[in-house]
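The values are calculated or read from the model by the stated rules, or taken from the named source; none is laboratory data. Note that the coordinates shown come from a computational prediction; the quantities given were computed from them, not determined experimentally. No Cβ is skipped: glycine too gets one built from the backbone with ideal geometry, and neighbour counts run over all protein chains shown.
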Amino acid sequence: MNFLQSILRTVFFWLDKIIYPLIGSIYNLFTSIAETTVIDQEIIKAFGGRIYALLGIFMLFKVSFSILNYIVNPDDMSDKNKGFSKLITNVLISLSLLVVTPMLFTEAYKLQSLILRDNAISNLILGSSGGVSSNAPATTNSVNAGREMGFQVFNANGTNN
């Protein structure tokens, strides 16, 4: 039984030796991907403008079609489920979403930059300091944070026997 236990410990130790250093590498890969700018901001703004114009045209046709339906069948105008008040509510919701969406994405990008710059993920997992120097550059902090997370997870799951 001790022989089988020894073999299993050795196998799992080698698996751990491969897996836990990957935690740091994967963390660093994710932070590198998050910091990378693939498409220029001007191209994104132009594309977004075209999408918003397309959505506006679609909304205009939808409202026009609904108004034509109300002209053909005036009884639908007072219906609670598909009446004129429901049409106005849907138009206002759509317009507010069209206005708010670009601002939400801008704020989300700012939040992402803040989280990456301050190493908030590693601070959340490892504690307030996490063994990472606040004076070091952000790239050094992310490398150290990834290694530290792998080390902490390894230590939490390992025992000295």
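Numbers below:
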{"read-out": "Cross-chain or 6+ apart pairs with Cβ under 7 Å, the range 79-103 first and in a loop (DSSP other than H, G, I, E, B), then not small (Gly, Ala, Ser)", "value": "LYS82/ASP76; GLY83/ASP76; GLY83/MET77"}
{"read-out": "Qualifying residue in the range 34-50 (condition: over 30 Å from GLY146 (Cβ atoms), free of Cβ contacts under 8 Å to residues at least 60 places away in the same chain and in contact with a helix residue (DSSP H, G or I) (Cβ under 9 Å, 6 or more places away or on another chain))", "value": "yes"}
{"read-out": "Qualifying residue in the range 105-116 (condition: touching a residue at least 60 places away in the same chain (Cβ under 8 Å), farther than 24 Å from ARG50 by Cα and surrounded by 12 or more Cβ atoms within 10 Å (Cβ to Cβ))", "value": "yes"}
{"read-out": "Given (1) surrounded by 12 or more Cβ atoms within 10 Å (Cβ to Cβ); (2) within 30 Å of ASP118 (Cβ to Cβ); (3) modelled with pLDDT of 85 or more, index of the condition ILE43 fails", "value": "(1)"}
